[in-house]
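**Q** Questions regarding the structure given below will be posed in turn.
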Amino acid sequence: MKRNAEYQTSLFIEQTQKEIFRQIRNYLAGRFIGATRDRALLEEVVKCFFCKHYINTQQINVKNGGDGINLSKKYREVFGELKTKLPYIFDKTEEIQLDPASILFVDTELSKIDFKSLKRDPFGDLYEVFVSTGVREEEGQFFTPQNGIELLISMVKPMPGEKIIDPAAGAGGFLSSCVQYLLKKNVPIKEIIENIYGVEKDSYLAKLAATRIALLSLSESQIFCGDSLAWINEKDKPLELESDQFYDIVLTNPPFGKNIVATSKEVQKTFDLGYDWKFDSTKNTFTKNGKLQSSVPPQVLFVEKCINLLKEGGRLGMVVPESLITSKSYSYVVEFMRSKGQFEAIIGMPEDFFKTSGKGGTHTKACLIMFTKSQPKQDNGKMLFMAEAKWCGHDSRGKFIAQDDLPIIMENFKEYVGRKKLEQSKLGYILPYEEIEKNILSPRYYNPDVKFFLESIKDTHEIIRLGDLVDKKIIEIKTGNEVGKIAYGAGEVPFVRTSDISNWEIKLDPKQGISEETYKLFAKKQDVRESDILMVKDGTYLIGTCAIISKYDTKIVYQSHIYKIRVLDPKVISPYLLLAVLSADPVQQQIKSKRFTQDIIDSLGSRINDLILPIPKNKIIRKRIEDNIEKVIEDRIEARELARQACLDVASILIDS
């Protein structure tokens, strides 16, 4: 409960600080002459922030007559001292550009922040408020929310004297939080600063990161502007920083996105993950084939860089897009990591995790991973802590909410590490390494609630994998085709899209009709028959929605985002029973767990074969389900067709008249 209170307090402070900074930003934007860019305003606020912090900590007396003149003089005097103390943060030619009234306003607002007990580093909030969302997104800059930072740091547990680096330091969130974490452990500030390192490609962010550390230490930090993949500084000279196998801890949230150019081809050649990897079925492993990939997302190369930076036994805490540890196209990356050490924990974040406002941030689903570098071992006996958070302390608009699963997950992880009995749930459960399927490491894929439920009904139900029914040729699964938008509206043959499937039937009037000619191009290939089941394969909320083909629906073409499932042996399972099972909550929960982002939409993909079907053993119950479903379907279809005919009759009467 204490830990939860700390998290909630931190989140409340975050919202309060952001509101203070928004007030400052809005005031200065309308007043500050000579600069309209938010970064220029941010620089002025940072200067004032340092002055205010220094005035408070040094207990400097400030006489203010109410007009801001005396306050302005004191700020400029203090800033002169700070330039001498922190020459690596503030250039000797810099001055505070704000007028006395603006300084008075900023000082009044900053007085609302308790500088004596900063429970969270304010610079992340400052940067988020002042630097536009568009700029951050173009550069892949989605800064880790504070509670996510605190969770990862608590998991890797930095110890006094350990060397810590963030090779994609951004605005310094991880590093400044590490400083605060160690200060709470009574580690001397000088010792902490000597062991904290950061590299950031953006010169402005590198300075901001150094500024955050300086606020806590009033000393120079080891934050470098440079390219950590090429290991060079902004002048293309080698970084004056130790590289491989030097660090005890790497904490980072690297830029991610398939459209971001990670590095040059020359640098890419130095990474194993910069090359193509092919699966060798004879060896049941991936092998590097020597061909350089045409492009590599930055998060892939950062995985290898982070592992290289670590000493043997070093710990990695990293934020990654979920697709990196779930997608078939990145399976080689997961295997590469497993060959270099052991995953200790993987925490799935909700899609709102990186949302900072209604339009700001991204819905990209992310995971927090903890990894230990070690020599490869057999999987037998190894365990992996997993959890899937539903709430993260803010909603899709970035607004504070009370619900936050992260502190509960942290407590569960502590119990797991302490070898206490863990009450397993989605907020903390143990997965044996040998149960990892196809290098998929998403926590929601292994939803323990589904596993517990299926285990509880095994005496009354047959537990059958859908893919096994396919292998035994009891059912077959195929996908549809796209006809191209030019074919839309050219005729009356229904082109069935995902939105046309609802409540076990195809909607009365599919939105797009195609011509007879187009239909004939696909009719034989698609071979739609009565009692076939259509299931939505790709999209968002509709994935898993099913419809059954009636005798009225066979003349259709269905799109590529839909499966067609046909029962080949109804003696084993009837189409109506299969429809009921696929629509049942235990299977729908699995579908929700097994759909992953593919490009810009979610997809169930080939994972449909991994669905576990609970089929009643009792033949009487099975027959009752089949009969009930068949009657429901027939009644709905007949009602639909009567409605359709009524519409046609009305149209006919109107034409005749």
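**Q** Can you name every residue in region 526-549 that is open to solvent by 10 Å² or more (accessible area, probe 1.4 Å), in contact (Cβ under 8 Å) with a residue 40 or more places away in the chain and closer than 22 Å to residue 632 by Cβ?
**A** Result: 531, 542, 545.
**Q** Here's a follow-up. Scan region 80-98 for residues that are surrounded by fewer than 19 Cβ atoms within 10 Å (Cβ to Cβ) and without any contact (Cβ under 8 Å) to a residue 40 or more places away in the chain and report the count.
**A** Of the residues in that region, 9 qualify.
**Q** Would you point out the residue of region 430-466, among those that are among the aromatic types (Phe, Trp, Tyr) and within 19 Å of residue 365 (Cβ to Cβ), that is least open to solvent (accessible area, probe 1.4 Å)?
**A** Selected residue: 445.
**Q** Among the listed residues 417, 496, 470, 450, identify the single one that is hydrophobic (A, V, I, L, M, F, W, C) and in contact with a Phe, Trp or Tyr (Cβ under 6 Å, 6 or more places away or on another chain).
**A** Testing whether each residue is hydrophobic (A, V, I, L, M, F, W, C) and in contact with a Phe, Trp or Tyr (Cβ under 6 Å, 6 or more places away or on another chain) leaves just 496.
**Q** So, in region 606-628, of the ones that are within 39 Å of the chain's Cα centre (by Cα) and among the hydrophobic types (A, V, I, L, M, F, W, C), which residue ends up most open to solvent (accessible area, probe 1.4 Å)?
**A** The extreme case among them is 612.
**Q** Can you work out which of the residues in region 266-307 that are in contact with a Leu (Cβ under 8 Å, 6 or more places away or on another chain) and without any contact (Cβ under 8 Å) to a residue 24 or more places away in the chain is farthest from residue 339 (Cα to Cα)?
**A** 269
**Q** Looking at the structure I just gave you, is residue 200 free of Cβ contacts under 8 Å to residues at least 60 places away in the same chain and touching a strand residue (DSSP E or B) at 6+ places or on another chain (Cβ under 8 Å)?
**A** yes
**Q** Let me ask another. Of the residues 246, 256, which is farther than 17 Å from residue 165 by Cα and either surrounded by fewer than 17 Cβ atoms within 10 Å (Cβ to Cβ) or in contact (Cβ under 8 Å) with a residue 60 or more places away in the chain (or both)?
**A** Only one candidate qualifies: 256.
**Q** When you scan region 399-406, do you find a residue that is part of a strand (DSSP E or B), buried (at least 17 other Cβ atoms within 10 Å of the Cβ), under 14 Å from the mean Cα position of the chain (by Cα) and among the acidic types (Asp, Glu), even just one?
**A** Checked against the condition, which is being part of a strand (DSSP E or B), buried (at least 17 other Cβ atoms within 10 Å of the Cβ), under 14 Å from the mean Cα position of the chain (by Cα) and among the acidic types (Asp, Glu), region 399-406 yields no hits at all.
**Q** OK, next. Check off (1) of a type outside the set (Asp, Glu); (2) modelled with pLDDT under 75; (3) in contact with an Asp or Glu (Cβ under 9 Å, 6 or more places away or on another chain); (4) assigned to a helix (DSSP H, G or I) for residue 143 and give me the number that stays unchecked.
**A** If we test residue 143 against (1) of a type outside the set (Asp, Glu); (2) modelled with pLDDT under 75; (3) in contact with an Asp or Glu (Cβ under 9 Å, 6 or more places away or on another chain); (4) assigned to a helix (DSSP H, G or I), just (4) comes out false.
**Q** Looking at the structure I just gave you, is residue 336 under 13 Å from residue 371 (Cβ atoms), crowded, with 22+ Cβ neighbours inside 10 Å and aromatic (Phe, Trp, Tyr)?
**A** When the stated conditions are applied, residue 336 does not pass them.
**Q** Show me the strands (runs of 3 or more DSSP E) found entirely inside region 421-509 where at least 3 residues are within 33 Å of the chain's Cα centre (by Cα).
**A** The qualifying strands (runs of 3 or more DSSP E) are 429-432, 461-465, 475-479.
**Q** Can you give me the ranges of the strands (runs of 3 or more DSSP E) entirely in region 255-323 with at least 2 residues that are among the aliphatic types (A, V, I, L, M)?
**A** Result: 310-321.
The values are calculated or read from the model by the stated rules, or taken from the named source; none is laboratory data. Quantities reported herein were computed from a predicted structural model and do not represent experimental measurements. Note that we place each Cβ from the backbone using ideal geometry, even for glycine, and neighbour counts take in every protein chain shown. Protein only, heavy atoms only, side chains kept; ligands, DNA and RNA dropped before computing areas. Shrake-Rupley method; radii C 1.70, N 1.55, O 1.52, S 1.80 Å.
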